[in-house]
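The values are calculated or read from the model by the stated rules, or taken from the named source; none is laboratory data. Being a predicted model, the structure only gives us computed values, none of them experimental. Virtual Cβ from ideal backbone geometry, glycine too; neighbours counted across all protein chains shown. Surface areas here come from the heavy atoms of the whole protein model, side chains and all, with no ligands, DNA or RNA. Shrake-Rupley method; radii C 1.70, N 1.55, O 1.52, S 1.80 Å.
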Amino acid sequence: MKRLNLFKILIGKLFQPNAKYRRSGMDCRNLGSMDGGVRGIPAIWIPAIHAGMTDSCNLILIGLKTVGFVALCAFASVALSEPLTIKLPAETVKLRPSDTPGYALALQKCAICHSADYIEYQPPGMSEAQWTAEVGKMQHAYGAPITDDEVKLIGAYLAASYSGKPAQVTGIQPYTQPLATITPIADVRVLLDQNACLSCHAIDKKLVGPSYRDIAARYKDDPKAMDKLAEFIAKGGSGRWGDIPMPPFPALKPEELKSLAGFVVGWK
Amino acid sequence: MNLHDEKNKLQRRQFLQGMGLAAAGLAFAPLRSQADTETLAFGNGTRELIAYPQKRPLMLVTARPPHLEMPFAVFKEGVLTPNDAFFVRYHMPNIPASIDAGLHRLKVSGLVDKPLSLSLKDLQGLGDPVEIVAVNQCSGNSRGFVSPRVFGAQLGNGSMGNARWTGIPLKKVLEQAGVQAGAKQVTVRGLDHAVLPATPEFVKAFDIDLALNGETMIAWAMNGADIPFLNGYPIKLIVPGYFGTYWVKHLSEIEVIGHDFDGFFMKTAYRVPDNDCQCIPAGSNPDKMRPITQLKIRSFITSLRGGESLALGNPMALQGIAFDSGAGISAVEISDDGGQHWQAATLGEDLGKYSFREWRTTWKPQSKGKVALQVRARNRLGEEQPAAGLWNPGGYAHNAIETISVFVV
């Protein structure tokens with residue numbers, strides 16, 4: 001029964017023009033349990049840990065004369081050191097839009113570390129004090145780059161948008177300035193620091209996002225590189241370098257965006 | 001309290017809405033398929049079902065860090081939880097996207113005679129592999145059912161699973177390194193990292209005795225196959241009887257230390273009130289906390305879903321699972337009268353003291369209308385489940401007697 005399933009899977013994959021299993025080293029032992037892949041969800045490549053061809057492959061080689069199968073298993077057997085690579089589904093939940101100042105802050109800061117579903121699925125009816133305490137935990141326990149005032153603004157936004165309660169921010173001044181202007185911007189290093197850019201990007205290597213050198217290389221011949229990069233930073237998004245989204249930075253002013261874009265293209 | 005009724009009501013309502021639209025000739029409207037979501041029986045409990053790599057569609061708790069819960073109905077499939085349905089929980093957003101098992105290394109350092117850097121092959125060469133069937137349960141499993149609700153991942157009962165783990169005892173690895181006098185704890189960590197330098201890394205710790213007990217192990221196989229990527233490929237720490245927070249994925253570093261580790265995920269997070277019940281009055285603040293450690297005794301009915309209709313007087317087979325932290329399940333009982341009378345169930349095959357223990361019995365619905373079926377377990381130490389949920393600020397270790405409601409017609 002198990003072997004039959006394996007054959008079915010192999011046959012199916014062999015005749016799919018875009019079959020992802022054919023790409024690289026796989027371990028035939030695991031095909032039977034790869035329901036996910038069989039149903040056509042994200043690509044996954046299973047490497048063999050142990051040297052040598054697996055029993056399943058041998059069985060197939062003995063049992064079938066189809067050239068395709070032989071080629072498939074031979075391929076599997078020569079590509080043993082391939083890593084196991086996964087591609088995660090895209091994030092689907094977005095923060096609930098709001099006119100409150102905490103919304104822009106939340107877009108920018110919360111998304112650095114976690115997707116919006118973490119907020120979306122919290123229990124209904126949490127109070128503003130509870131939400132604010134939770135945001136405070138993000139600041140104090142997890143090192144989120146937010147100030148005490150921002151904690152209150154984000155807490156007010158979350159309570160208003162997720163618990164159906166009106167925002168009641170007390171004890172602090174109404175938010176009138178974009179975050180990036182609270183401290184005068186001295187240079188690009190301050191911008192990088194204040195917006196936690198370097199948490200996800202490095203100059204020379206890929207972290208969560210692409211390296212600045214890779215970005216600069218991609219846009220080196222593009223006359224509109226500066227405008228495009230400024231827009232990408234402001235709006236965030238995903239798909240240009242993979243599926244992990246970059247949060248938008250709507251509070252940055254045009255000259256700050258320009259300054260950051262200039263910094264990035266400078267690494268070419 | 002009848003959560004399962006609520007859930008059933010919801011499902012029926014969704015179904016009726018669908019029927020209504022169809023009847024009104026509006027069936028062309030893109031109705032969301034029932035298969036796309038699963039609704040847990042608490043407020044704001046609807047989850048999308050999404051297929052992640054090597055996984056069948058599971059309930060999406062969070063996309064980043066990935067956190068997936070198994071729909072409870074899967075427990076019907078057998079006493080071992082299928083790899084492609086086993087829950088997934090990461091703490092840090094920066095998880096590896098690609099791992100070469102041939103290049104992966106486990107470092108052993110600290111108070112040892114000989115620091116090690118071991119490949120998977122090295123680990124497999126340290127001795128005969130051992131197998132153990134053990135439950136891995138998230139500390140916050142069932143958090144959505146605690147009252148009053150608390151922040152955190154809002155989980156139903158599917159953030160647990162039972163698997164056969166194959167690997168090498170941690171003891172063998174530590175013997176190879178030579179644990180020095182003065183060793184008090186080991187710290188363990190894997191390949192997942194924070195994105196902000198200010199965020200504490202996910203490092204766990206436990207006493208050296210637990211590390212050397214011969215049961216704590218480093219596994220490379222789960223139910224006879226490679227461990228799925230999102231469950232910790234290529235090696236995962238298995239701490240039988242302990243909550244999943246200690247079962248570090250993509251295990252990469254072990255350090256032997258001479259003191260009690262004071263990292264964030266021991267000293268601040270994953271803590272319970274420091275008393276016997278690990279509980280305090282709902283909504284209050286605890287005086288003293290300690291790290292969460294061992295599983296509490298639990299039992300579930302898996303063969304029935306809340307809201308099902310059953311025929312009066314028709315004897316029917318009931319089935320389920322029970323587990324504790326390793327004392328071993330000694331009895332499972334069911335009640336259909338609010339706990340006044342209890343009927344003993346027959347325990348199934350014993351796959352080991354850390355495994356789910358199956359149970360079955362025959363139950364005859366005696367009265368018409370809504371019937372609340374309850375199940376409770378007892379272990380060899382005489383420990384039982386509380387009638388109502390015990391509360392703690394983290395919503396951890398929920399283990400109240402479970403109730404499902406059915407309709408006898």
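Restricting attention to segment B:326-346, the residues that are among the hydrophobic types (A, V, I, L, M, F, W, C) and either free of Cβ contacts under 8 Å to residues at least 24 places away in the same chain or surrounded by fewer than 17 Cβ atoms within 10 Å (Cβ to Cβ) (or both) total 3. Contact map, segment A:109-120: residues that are within 7 Å of chain B (Cβ to nearest Cβ) paired with residues that are acidic (Asp, Glu) and open to solvent by 10 Å² or more (accessible area, probe 1.4 Å), Cβ distance under 7 Å, separation 6+ or inter-chain. Pairs shown: A:Ser115/A:Glu91.
Could you list, in sequence order, all residues of segment B:134-188 that are assigned to a helix (DSSP H, G or I) and open to solvent by 10 Å² or more (accessible area, probe 1.4 Å)? Within segment B:134-188, B:Arg143, B:Phe145, B:Lys171, B:Lys172, B:Glu175, B:Gln176 qualify.
Taking (1) modelled with pLDDT of 95 or more; (2) touching an Asp or Glu at 6+ places or on another chain (Cβ under 9 Å); (3) in a loop (DSSP other than H, G, I, E, B); (4) not β-branched (Val, Ile, Thr) in turn, B:Cys279 satisfies each apart from (2).
Picking from B:Leu126, B:Leu111, B:Leu103, which residue would you name as being in contact with a helix residue (DSSP H, G or I) (Cβ under 6 Å, 6 or more places away or on another chain), open to solvent by 10 Å² or more (accessible area, probe 1.4 Å) and more than 29 Å from B:Met70 (Cα to Cα)?
Numbers: B:Leu111 fails: in contact with a helix residue (DSSP H, G or I) (Cβ under 6 Å, 6 or more places away or on another chain); B:Leu103 fails: in contact with a helix residue (DSSP H, G or I) (Cβ under 6 Å, 6 or more places away or on another chain).
Residue meeting the stated conditions: B:Leu126.
Contact annotation: residue pairs with Cβ atoms under 6 Å, 6 or more positions apart or on different chains, pairing a residue in segment B:198-211 that is within 14 Å of chain A (Cβ to nearest Cβ) with a partner that is outside any loop (DSSP other than H, G, I, E, B), are B:Pro200/B:Phe264; B:Phe202/B:Phe265. Each residue in segment B:337-391 was checked for being of a type in the set (Lys, Arg) and outside any strand (DSSP E or B), and 4 of them qualify.
Kindly indicate whether any position in segment A:98-111 is open to solvent by 50 Å² or more (accessible area, probe 1.4 Å) and more than 17 Å from the chain's Cα centre (by Cα).
Pass one, segment A:98-111, residues open to solvent by 50 Å² or more (accessible area, probe 1.4 Å): A:99.
Checking the rest, the ones that are also more than 17 Å from the chain's Cα centre (by Cα) come to A:99.
Yes, segment A:98-111 contains a residue that is open to solvent by 50 Å² or more (accessible area, probe 1.4 Å) and more than 17 Å from the chain's Cα centre (by Cα).
Restricting attention to segment B:230-286 and to residues that are of a type in the set (S, T, N, Q) and within 14 Å of another protein chain (Cβ to nearest Cβ), the residue that is least open to solvent (accessible area, probe 1.4 Å) turns out to be B:Asn231.
On the basis of being free of Cβ contacts under 8 Å to residues at least 60 places away in the same chain, in contact with a Gly (Cβ under 7 Å, 6 or more places away or on another chain) and not hydroxyl-bearing (Ser, Thr, Tyr), does A:Pro145 make the cut? So A:Pro145 does not fit the description; no.
If we scan segment B:79-90, do we find a residue that is touching a strand residue (DSSP E or B) at 6+ places or on another chain (Cβ under 7 Å), closer than 27 Å to A:Glu91 by Cβ, open to solvent by less than 50 Å² (accessible area, probe 1.4 Å) and among the acidic types (Asp, Glu)? Walk me through it before giving the result.
As a first pass, look at segment B:79-90 and keep what is touching a strand residue (DSSP E or B) at 6+ places or on another chain (Cβ under 7 Å): B:79-81, B:83, B:85-90.
Subset that is closer than 27 Å to A:Glu91 by Cβ: B:81, B:83, B:85-90.
Those still in the list that are open to solvent by less than 50 Å² (accessible area, probe 1.4 Å) too: B:81, B:83, B:85-90.
From what's left, among the acidic types (Asp, Glu): none.
Among the residues of segment B:79-90, not one is touching a strand residue (DSSP E or B) at 6+ places or on another chain (Cβ under 7 Å), closer than 27 Å to A:Glu91 by Cβ, open to solvent by less than 50 Å² (accessible area, probe 1.4 Å) and among the acidic types (Asp, Glu), which makes the answer no.
The lone criterion from (1) farther than 19 Å from B:Gln294 by Cα; (2) in contact (Cβ under 8 Å) with a residue 60 or more places away in the chain left unmet by B:Gly232 is number (2). Scanning segment A:124-133 for residues that are open to solvent by 40 Å² or more (accessible area, probe 1.4 Å) and either within 9 Å of chain B (Cβ to nearest Cβ) or over 21 Å from B:Asn44 (Cα atoms) (or both) yields A:Pro124, A:Gly125, A:Gln130, A:Ala133.
Condition first: away from chain B (no Cβ under 12 Å) and among the hydroxyl-bearing types (Ser, Thr, Tyr). Now tell me which residues in segment A:199-221 satisfy that. Break it down into steps so the answer makes sense when it comes.
Taking segment A:199-221 as the starting set, the residues that turn out to be away from chain B (no Cβ under 12 Å) are A:203-205, A:210-221.
Hits for segment A:199-221 are A:Ser211, A:Tyr212, A:Tyr219.
Conditions (1) hydroxyl-bearing (Ser, Thr, Tyr); (2) touching a strand residue (DSSP E or B) at 6+ places or on another chain (Cβ under 9 Å); (3) assigned to a loop (DSSP other than H, G, I, E, B); (4) at positive phi, marked per residue:
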| site | (1), (2), (3), (4) |
| --- | --- |
| B:Leu230 | no, yes, no, no |
| B:Leu237 | no, yes, no, no |
| B:Pro240 | no, yes, yes, no |
| B:Thr245 | yes, yes, no, no |
| B:Lys249 | no, yes, yes, no |
| B:Glu255 | no, yes, no, no |
| B:Phe261 | no, yes, yes, no |
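Listed by position, the helices (runs of 4 or more DSSP H) enclosed by segment A:189-264 that each have at least 2 residues that are open to solvent by 40 Å² or more (accessible area, probe 1.4 Å), at negative phi and out of contact with any Pro (no Cβ under 7 Å at 6 or more places or on another chain) are A:212-218, A:225-235. Can you confirm whether segment B:350-361 contains a residue that is more than 21 Å from the chain's Cα centre (by Cα), open to solvent by 60 Å² or more (accessible area, probe 1.4 Å), among the β-branched types (Val, Ile, Thr) and within 26 Å of B:Gly78 (Cβ to Cβ)? Within segment B:350-361, none of the residues are more than 21 Å from the chain's Cα centre (by Cα), open to solvent by 60 Å² or more (accessible area, probe 1.4 Å), among the β-branched types (Val, Ile, Thr) and within 26 Å of B:Gly78 (Cβ to Cβ).
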